[in-house]
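Everything on this sheet refers to the single structure shown next.
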Amino acid sequence: MTAETHGTDFDDWLVSTYRDVGSFTMLFVLLRIGDTSVDLLRSAYLHVVGDELRWPDMVQLFRGAGVDWSGAVFYRAGREGLERDAFRRNRKGDSFFCANQIHHSGR
């Protein structure tokens, strides 16, 4: 049996995280990625209370930040603080990174 996919890595991560832990708080940071630099632009959090949120919804939310961005990093926060989950370990990092998957910057 293969896992169902939902369109983007972000969608798959959100659905599997919600399935595994239920409602959770997601911290995220918008980034500008240059040839030799990464600039931190904005950060915020939201409470995930279902698995219906998708990447285009996040892009719409990011437009409100008013910055040109080219990537984002997402963290799941638990009662103990930031959580390391299987998705991130499988990708050999401490967080889930998502480049702008619809080839559209924040503005």
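Is it true that some residue in the range 3-21 is loosely packed, with under 11 Cβ neighbours inside 10 Å and either modelled with pLDDT of 90 or more or in contact with a helix residue (DSSP H, G or I) (Cβ under 7 Å, 6 or more places away or on another chain) (or both)? Within the range 3-21, one or more residues are loosely packed, with under 11 Cβ neighbours inside 10 Å and either modelled with pLDDT of 90 or more or in contact with a helix residue (DSSP H, G or I) (Cβ under 7 Å, 6 or more places away or on another chain) (or both). For the range 8-60, residues that are under 14 Å from the mean Cα position of the chain (by Cα), among the small types (Gly, Ala, Ser) and farther than 16 Å from Gly71 by Cβ total 1. Exactly one residue out of Leu27, Leu46 is without any contact (Cβ under 8 Å) to a residue 60 or more places away in the chain and loosely packed, with under 15 Cβ neighbours inside 10 Å: that is Leu46.
For the range 49-107, residues that are at pLDDT below 60, within 21 Å of Leu31 (Cα to Cα) and open to solvent by less than 70 Å² (accessible area, probe 1.4 Å) total 13. Set side by side, the residues Asp35, Asp39 differ, and just one is open to solvent by 50 Å² or more (accessible area, probe 1.4 Å), in a loop (DSSP other than H, G, I, E, B) and not aliphatic (A, V, I, L, M), which is Asp35.
Confirm whether Asp57 is under 14 Å from Thr17 (Cα atoms) and either part of a loop (DSSP other than H, G, I, E, B) or acidic (Asp, Glu) (or both). Taking the combined requirement at face value, the residue does not satisfy it.
The values are calculated or read from the model by the stated rules, or taken from the named source; none is laboratory data. Treat the numbers as computed from the prediction; the structure is a model and nothing was measured. Glycine gets a Cβ as well: all are built from the backbone with ideal geometry, and neighbour counts include every protein chain shown. Just so you know, the surface numbers come from the protein's heavy atoms only, side chains and all, with ligands and any DNA or RNA stripped out. Shrake-Rupley method; radii C 1.70, N 1.55, O 1.52, S 1.80 Å.
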